[in-house]
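Enquirer: First the structure, which I've put down as structure tokens, then a few questions once you've had a look.
The values are calculated or read from the model by the stated rules, or taken from the named source; none is laboratory data. Being a predicted model, the structure only gives us computed values, none of them experimental. Neighbour counts run over all protein chains shown; Cβ positions are idealised from the backbone, glycine included. Note: areas computed on protein heavy atoms with side chains; ligands, DNA, RNA excluded. Shrake-Rupley method; radii C 1.70, N 1.55, O 1.52, S 1.80 Å.
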Amino acid sequence: MSAGVLVQGLFYAFGTVLVLGALGVIGARNPVYSALSLVLCFVTAAAIWLLIEAEFLAVVLVLVYVGAVMVLFLFVVMMLDINLAELRQGFTRFAWLGCVTALAVIFEIAGVVWARGTLGVDAARGPVPTAPNYSNTLELGRVLYTRYAYPLELAAMLLLVAIVAAIALTMRHRVNLKQQDINAQVAVRAADRLRIVKMDPEPRP
Amino acid sequence: MNPAADFGGLVLATPEIALAVGICALLLLDVFLGRRALTATLTLAVLALCAALTVSYAHVTTRRLLFDGLYVADELGYLLKLAGFLVLALGLLYSRAYLEQRRILRGEYYVLALTALLGIFVLISANSLLTVYLGVELLALSVYALVAFDRDSGVAAESAMKYFVLGAIASGALLYGMSLIYGLTGTLDLGEISTRLNSPSPLGVIVGLVFVVVAVGFKLGAVPFHMWLPDVYEGAPTSVTLFIGTVPKLAYFALALRLLAQGLGGTELEWSQMLVPLAVLTLIIGNVVALVQSNLKRMLAYSTIANVGFILLGFIAGTPDGYAAALYYTLVYVLVALGSFGVILLSSRRGFEADLLDDYRGLAQRDPLLALCMLLLMFSTAGVPPLVGFWAKLRIFQVLWESGHLWLVIIAAAMSVVGAYYYLRIIKLMYFDEPPAAAPTAARGGGARLALGLNALAVLALGVAPAPLLNLCARVLQ
């Protein structure tokens with residue numbers, strides 16, 4: 001059995017697990033199971049990336065998404081008191097819509113794969129095997145900081161915006177904190193504290 | 001030796017580079033100076049400095065590609081960026097008192113406005129699907145945060161949420177369409193895509209194109225993707241509404257031009273067929289629904305939708321003249337919208353939003369200058385001859401006529417007549433109705449009022465002498 005067939009077999013095996021995991025994300029009754037299914041999806045996707053010799057991306061996917069993002073997700077899911085019954089409402093009612101959308105997407109992807117040939121883009125060819133001492137990470141770093149320096153800087157700006165926006169929207173000064181605000185005390189005016197009420201004199205008893 | 005040569009023409013990207021440096025400087029200065037009133041002045045200084053650097057270094061006469069073809073520097077981008085600087089600076093000038101009254105004058109507001117402007121610039125100069133998407137997201141994220149900026153306002157939070165969810169769907173559609181086109185052509189470069197697509201286009205490209213048109217329609221606010229627009233315009237603080245209503249339109253015009261007319265130029269027949277029903281619906285719904293609004297911000301939102309219909313008509317014509325007419329219309333619309341929202345901002349007081357039509361009863365007696373500005377701006381949007389709005393509409397009619405879309409001219413003209421009603425109604429309220437008893441009197445605020453007066457004068461001056469701007473628009477789109 002040649003290596004090509006083995007790789008193809010592995011691809012279909014991982015692909016099946018990935019699709020099953022994705023179904024698990026939306027089908028599981030318990031949100032924790034959903035999150036764990038998503039972890040399964042990420043790990044399988046990383047394995048598929050390994051098959052096309054994108055080791056660096058595979059490692060980053062596991063480290064960043066599984067290691068950091070999904071753990072955070074799990075924490076959030078466990079800490080929130082989620083009403084499962086409310087969450088599941090309308091699942092069967094909208095299931096047909098989801099199925100139609102999924103079928104449309106499958107049809108479109110099939111169309112793209114079929115049409116690639118007519119445009120002269122060779123899709124059937126797999127990745128070219130690389131030399132044993134070839135470093136994926138080095139090459140990626142090389143193009144990322146030269147050819148793609150502009151999008152990289154823009155992505156950095158996006159992260160800066162995210163930080164600024166998150167702080168601007170969520171940081172509040174607590175109102176009932178027992179602390180002195182010297183500025184407010186000095187700036188106080190009589191009108192803020194004292195109210196003069198005009199009233200008729202009370203009749204003498 | 002010329003130092004500029006060392007960086008391989010990087011000076012042409014001066015607007016973006018200067019703005020990014022300015023944003024970082026402003027963030028630090030805001031923390032260390034700690035005086036909010038100063039931040040507003042500093043922001044205007046940053047904008048003026050960036051604009052000055054752009055004028056002196058980034059002047060381009062011929063199209064050039066930078067950053068390995070990810071960035072395009074051309075005259076169109078130069079014109080749109082200078083317009084962006086000017087409009088944002090004026091908008092911030094108008095909104096300063098408003099922000100102060102509502103206690104949301106914080107440094108982050110200005111930083112987010114500048115990052116949004118950076119996103120707009122990225123979009124204007126994008127020559128690759130990658131940079132298009134990054135620009136769209138940079139702009140959108142900044143604007144979502146700006147809409148929710150008044151944290152104590154429930155309405156603002158609700159409209160920000162709505163905007164965020166619908167905007168995410170639009171971004172998803174854009175990304176999906178892009179990935180289909182990328183899958184079929186094997187390149188992200190817009191110039192390369194246009195050479196690789198040969199007619200007749202395969203089904204996959206058309207499907208991708210549908211998603212791209214949906215996303216562009218959503219971003220511009222074309223019917224039936226306009227649902228977010230009135231709610232966001234009404235719910236956001238008026239200063240943010242002014243921002244959303246003006247500068248991003250320049251970017252979305254560039255988005256439509258770069259993606260549809262240049263990148264996917266080979267599918268022009270298909271996308272112009274998709275745009276025709278969008279434009280007709282947009283013109284009809286925008287104008288008819290605006291008739292029954294009692295809130296001025298909401299009415300102007302529907303007026304925006306109606307104006308977007310005209311911009312789409314320029315694209316439908318599909319000739320360089322058509323794109324030039326759409327560019328002219330966009331610039332004119334932005335100038336007029338800036339003034340109109342400026343009037344709302346300057347009429348509002350602490351605890352008084354001035355966003356209802358009834359708040360404008362008898363404005364001519366209370367505040368003659370504001371009323372006169374509003375008169376000029378409303379006549380211009382309605383398309384009354386000596387003002388610039390008339391030329392913008394006329395040019396669109398001309399290019400449609402030349403490209404043989406007679407029935408679209410008839411619909412657009414009929415809808416302009418319908419639209420004239422609600423613009424003229426505001427003038428009637430201001431000049432012929434008695435002011436309510438407890439109406440606030442005219443406020444002071446010299447700089448902003450002077451700028452607004454100049455803004456309204458520009459609408460008149462460009463209308464009396466329309467040739468320079470019209471010729472400029474025609475030249476940059478040759």
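Enquirer: Taking θ = phi - 60°, what integer Hz values does the Karplus form 6.51 cos²θ - 1.76 cosθ + 1.60 yield along segment B:41-47, in sequence order, with x for Gly and Pro?
Expert: Per residue, the Karplus-derived 3J(HN,Hα) values read 5, 4, 4, 4, 5, 4, 4 Hz.
Enquirer: If R₀ is 35 angstrom, what is the calculated FRET efficiency for the pair B:GLU192 and A:PHE56, using the beta carbon separation as r and rounding to 0.05? Please report the intermediate quantities before stating the final value.
Expert: Working: r = 26 Å, r/R0 = 0.75.
Approximately 0.85, to the nearest 0.05.
Enquirer: Given DSSP loops and a limit of at most 15 other Cβ atoms within 10 Å, what is the longest stretch of chain B that contains no such trypsin sites (Lys or Arg not before Pro)?
Expert: With a cap of 15 other Cβ atoms within 10 Å, the longest stretch comes to B:152-349.
Enquirer: Between segment B:240-314 and segment A:152-205, what's the alpha-carbon centroid distance in Å?
Expert: 41 Å
Enquirer: Just round it to a whole percent: the fraction of Cα-Cα distances in the protein assembly as shown exceeding 48 Å. Kindly include the intermediate steps, with their values, before the conclusion.
Expert: Numbers: 50592 of 232903 pairs.
Cα-Cα pairs of the protein assembly as shown separated by over 48 Å account for 22 percent.
Enquirer: Per residue, how large is the accessible surface of the protein assembly as shown? Use a 1.4 angstrom probe and give square angstrom. All intermediate terms of the calculation are to be shown ahead of the outcome.
Expert: Numbers: 33380 Å² over 683 residues.
So the protein assembly as shown comes to 49 Å² accessible per residue, rounded to a whole number.
Enquirer: Right, something else. Taking the alpha-carbon centroid of each part, what is the distance from segment B:107-183 to segment B:200-224 in angstrom?
Expert: Centre-to-centre (Cα) distance: 18 Å.
Enquirer: Taking H placed 1.01 Å from N in the peptide plane, check which residues at least 5 places from B:LEU356 or on another chain put their amide H under 5 Å from its amide H.
Expert: Result for B:LEU356 returns B:LEU296.
Enquirer: Also: Accessible area lost on pairing A with B, both sides, 1.4 Å probe, Å² to nearest 100?
Expert: Buried area (both sides, nearest 100 Å²): 2900 Å².
Enquirer: Using θ = phi - 60° and the Karplus curve 6.51 cos²θ - 1.76 cosθ + 1.60, what whole-Hz ³J(HN,Hα) does each residue of segment B:16-26 get, with Gly and Pro shown as x?
Expert: 5, 5, 4, 5, 5, 5, x, 4, 5, 4, 5
Enquirer: Which residue fluctuates the most in chain A, going by a Gaussian network model with Cα springs under 10 Å, if the choices are A:ASN133, A:ASN30, A:ASN183?
Expert: In this elastic network of chain A, the residue with the biggest mean-square fluctuation among A:ASN133, A:ASN30, A:ASN183 is A:ASN183.
Enquirer: Quick one: what are the phi-derived ³J(HN,Hα) couplings along segment B:116-127, Karplus 6.51/-1.76/1.60 with θ = phi - 60°, whole Hz, x for glycine and proline?
Expert: Each residue of segment B:116-127 in turn: 4, 5, 4, x, 4, 5, 4, 5, 4, 9, 6, 10 Hz.
Enquirer: Residues of segment B:52-91 with accessible area at least 10 Å² lower in the all-protein-chain context than alone (1.4 Å probe)?
Expert: B:PHE67, B:ASP68, B:LEU70, B:TYR71
Enquirer: Taking only C-alpha pairs under 8 Å that are 6+ residues apart, what is the relative contact order of segment B:3-476 in percent?
Expert: Numbers: 729 pairs, mean separation 65.7, N = 474.
Result for segment B:3-476 is 14 percent.
Enquirer: Compute, for B:PHE352, the solvent-accessible surface of its heavy atoms (probe 1.4 Å) with the complete set of protein chains present, and express it in square angstrom to the nearest 10.
Expert: For B:PHE352, solvent-accessible area is about 50 Å².
Enquirer: May I ask for the angle, rounded to the nearest 10°, between helix A:91-119 and the longest principal axis of chain A, with both axes built from Cα atoms and the value confined to 0 to 90°?
Expert: It works out to around 50 degrees.
Enquirer: Quick one: which residues, 5+ away or cross-chain, put their amide H under 5 Å from the amide H of B:SER128? H built at 1.01 Å from N.
Expert: Those lying under 5 Å, H to H, from B:SER128 are B:LEU190.
Enquirer: Carbon and sulfur atoms: what percent of the 1.4 Å accessible area of the protein assembly as shown do they account for?
Expert: On the way: 22920 of 33380 Å².
Percent of accessible area from carbon and sulfur atoms in the protein assembly as shown: 69.
Enquirer: Next question, about the same structure. Looking at segment B:153-192, which residues lose a minimum of 20 Å² of accessible area between their chain alone and all protein chains in place, measuring with a 1.4 Å probe and not counting ligands or nucleic acids?
Expert: So the qualifying set is B:TYR176, B:LEU180, B:GLY183, B:LEU184.
Enquirer: Could you give the length gained by full extension between A:ARG195 and A:LEU10, i.e. 0.36 nm per residue of separation minus their alpha carbon distance, to one decimal place? Provide the component values of the computation, followed by the final result.
Expert: Values: separation 185, 0.36 × 185 = 66.60 nm, distance 8.16 nm.
My answer for the length gained is 58.4 nm.
Enquirer: Compute the FRET efficiency between A:VAL69 and B:SER403 as 1/(1 + (r/R0)^6), taking r as their Cβ-Cβ distance and R0 = 35 Å, and round to the nearest 0.05.
Expert: 0.10
Enquirer: Angle check, please: helix A:31-51 long axis (alpha carbons) against the longest principal axis of chain A (alpha carbons), in degrees 0 to 90, nearest 10.
Expert: Tilt of helix A:31-51: around 40 degrees.
Enquirer: Let me ask something else. Over chain A, calculate the relative contact order: mean separation of alpha carbon pairs under 8 Å at least 6 apart, over the residue count, as a percent.
Expert: Values: 81 pairs, mean separation 28.1, N = 205.
Once normalised by length, the contact order is 14 percent.
Enquirer: Between Rg and the Kirkwood Rh of chain A, both from Cα atoms, what is the Rg to Rh ratio? Walk me through the numbers before you get to the answer.
Expert: Numbers: Rg = 29.7 Å, Rh = 23.9 Å.
Answer for chain A: 1.24.
Enquirer: So how tilted is helix A:149-170 from the main axis of chain A? Cα-based, degrees 0 to 90, rounded to 10.
Expert: Approximately 30 degrees, to the nearest 10.
Enquirer: Let me know the charge dipole size of chain B about its Cα centre in debye, to the nearest 20, where only the beta-carbon of Lys, Arg (+1) and Asp, Glu (-1) is charged.
Expert: Details: 28 positive and 27 negative charges, 178 e Å.
Approximately 860 debye in magnitude.
Enquirer: Just how many % of Cα pairs in chain B lie over 32 Å apart, if you round to the nearest whole percent?
Expert: Details: 41956 of 114003 pairs.
It works out to 37 percent of all Cα pairs.
Enquirer: Taking +1 at the Cβ of each Lys and Arg and -1 at the Cβ of each Asp and Glu, which of B:ILE169, B:LEU188, B:GLY453 sits farthest along the dipole of segment B:3-476 towards its positive end, judged by Cα position relative to the Cα centre?
Expert: B:GLY453
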